[in-house]
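Throughout, read-outs are computed from the coordinates displayed, never taken from laboratory work. In this text, all values refer to a predicted model and were calculated from it rather than measured experimentally. Ideal geometry is used to build each Cβ from the backbone, glycine not excepted, and the neighbour counts take in all protein chains shown.
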Amino acid sequence: MERRAFLQRLTATAAATALADSVRAAEPPPPARPNIVFAIADDWSWPHAGVYGDKVAKTPAFDRVASEGVLFARAYTAAASCTPSRGAVLTGQWPHRLEAGGNLWSHLDQKFRCYPDLLEAAGYRVGCSRKGWGPGSIEGTGRSRNPAGPPFKSFDEFLKGQPKDKPFCYWFGSHEPHRPYAAGSGQKAGINPDAIAMPPFLPDTPEVRSDIADYYLEVQMFDSQVGDILKALDAAGLAEITIVVMTSDNGMPFPRAKANCYEFSTHMPLAIRWPARVKGGRKVEDFVSATDYAPTFLEAAGLKPLPEMTGRSLMPLLVGADAPKRDHVFVERERHAACRAGNLSYPIRAVRTADFLYIRNLEPDRWPAGDPSTSLGPGPPGYGDIDGGPSKTWLIEHKDDPKAARLFKLACEKRPAEELYDLKKDPAELDNVADRPEYAEAKKRLRAQLDAWMADTADPRAKGGGAEFDSYPYVGGRPAPPKGKAKAKEKQ
Ligand SMILES: [Ca+2]
């Protein structure tokens, strides 16, 4: 009897197991966790890519990611300065919440949790090449490595050590198109300076056109570097299950662009591809922010975004699900270069909608581009928040020329506490209408929107504070004259 009972029990168990297996087989398998490749350029502005309609920049890799994935028309960095922008990407938080990390050449304390660490703890393999978080120092932050991940020489080298049963998270931080450039290199490589669509805030001169051609050449270098990563994914059969993001940390290194809160400072190219989950060939018009990447990656990996993350996952926009319309975005800045007496910051907060850009300059008595007298690096002295190069040199040398005086003033001289630009009439943001009575209503609305955001996100500047941004250590020292391109790039 005992034997029969045992056999009956065994049969019943086998039947139950078979049933459970058949039920399991009928259910869809749990979604595989995607690999994540985040490719970030250094100082690349929207709309300098073929798919955005630029007739000069050749960007086949970006155009491919966009056509096989989603192209974003209104993606904005959180701050137009390397360190706080990258800190916002990694933490999913506004730079003003990151203490010293809100400044260039600073520290990012370990308490500000970063998505590569969180994914690693959840079983991802993590790697980074070239420029990760920074520039800055991890000394005293409690961190043992760059927050973007452990260093690898290249994506190919990283892939060689990739086990088959683990997803990966990879950060590719190009050094391009950061200055310095080899003067004339763009034209020499076949880029026609005369064909460039000149941003109206820059003087239209042969020197500046040539400088932009050099920048375009470096945009193309970044694109080609990412093209190699796409090829490696294809060769490894991983393209389908890998999220690829291509974007930039801040805008082009030219006067009134990088290190400001204007259009060419903060508006970023962005394309995201994920064939396994995201239908390709789509364009998203909603406003999105660099703070949105960390919550997106966590959600894609099946994790919950952290409560302190102020960014919002882009997953609903990527998969085409219903989501609240995103009709505005915030941008900001604190201290960029060490270029004011006392090493002071130049704090700005701003809100961008489809129709307006409203800017609040919190310390309007300070110089927005740096003191006129502070000497920094090569070129004429002063205005150290503008990277040295032929365009800056030309503008300063011609500041008294009637044709250039207005553009010099817009780039370098002091600004009122409030700026408002009517983007339908003035997309180049040259004509501040903040004091015009017909804009009083719009200004009042945007001012309230900005105030609410600052209060809701615990911005130290919300109640007149924020002086700590003036005193956080600047760990870069004085930039040395460039001794060679790679060396100089590390310095900035
Ligand atoms: Ca940058």
Exercise for the section: Give the shape of region 333-491 as rounded, prolate or oblate, defined through the alpha-carbon gyration tensor: a ≥ b ≥ c are the square roots of its eigenvalues, a/c under 1.5 means rounded, and otherwise the shape is prolate if a/b is larger than b/c and oblate if not. Expected result: oblate
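Considering only DSSP beta bridges whose two residues both sit in the chain, what percent are antiparallel, to the nearest 5?
That works out to approximately 45 percent antiparallel.
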Exercise for the section: Restricting to region 333-491, compute how many DSSP beta bridges are antiparallel as a %, nearest 5. Expected result: 100
Completion exercise
Between the Cα axis of helix 2-26 and the main Cα principal axis of the chain, the angle (0 to 90°, nearest 10) is 30
Exercise for the section: Can you tell me the FRET efficiency between GLU308 and ASP355 if r is taken as the Cβ-Cβ distance and R0 is 35 Å, rounded to the nearest 0.05? Expected result: 0.65
Handout entry: Proxy reagent accessibility, fewest Cβ within 10 Å first, across HIS107, HIS96
Key = HIS107, HIS96
Practice task
Work from the charge dipole of region 333-491 (Cβ charges, +1 for Lys and Arg, -1 for Asp and Glu, about the Cα centre) and give the residue of TYR346, TRP453, HIS336 farthest towards its positive end.
Solution key: HIS336
Handout entry: Helix-only CD estimate at 222 nm, as mean residue ellipticity for the chain, using -39500 (n - 2.57) per DSSP H run (n ≥ 4)
Key = -9500 deg cm²/dmol
Completion exercise
Under the Karplus relation with 6.51, -1.76 and 1.60 and θ = phi - 60°, whole-Hz ³J(HN,Hα) for region 159-164, x at Gly and Pro, equal 5, 4, x, 7, x, 5
Fill in the blank from the handout: Under the Karplus relation with 6.51, -1.76 and 1.60 and θ = phi - 60°, whole-Hz ³J(HN,Hα) for region 106-115, x at Gly and Pro, equal 9, 10, 10, 4, 4, 5, 8, 6, 10, 4
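Could you sort the peptides 158-164, 268-274, 335-341, 135-141 by per-residue average Cβ neighbour count (10 Å cutoff), highest mean leading?
Taking the mean over residues of other Cβ atoms within 10 Å, the ranking is 268-274, 335-341, 135-141, 158-164.
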Practice task
Take the alpha-carbon centre of region 63-111, take the same for region 440-460, and report the distance between them in whole Å.
Solution key: 21
Practice task
Using packing as a proxy for protection, rank 215-227, 56-68, 144-156 so that the peptide with the highest average count of other Cβ atoms within 10 Å comes first.
Solution key: 215-227, 56-68, 144-156
Handout entry: Viscosity 0.890 mPa s, 25 °C: Kirkwood-radius Stokes-Einstein D of region 90-207 over Cα pairs, µm²/s
Key = 142
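Report the full-extension gain for the segment ASP322 to ARG277: residue separation times 0.36 nm, less the Cα-Cα distance, to one decimal in nm.
Values: separation 45, 0.36 × 45 = 16.20 nm, distance 1.57 nm.
Taking ASP322 through ARG277 to full extension adds about 14.6 nm, to one decimal.
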Completion exercise
Inter-part gap, Cα centre of region 390-420 to Cα centre of region 298-356, in whole angstrom, is 29
Handout entry: Among GLN187, TYR52, ILE243 - extreme Cα towards positive end, dipole of region 35-326, charges at beta-carbon
Key = ILE243
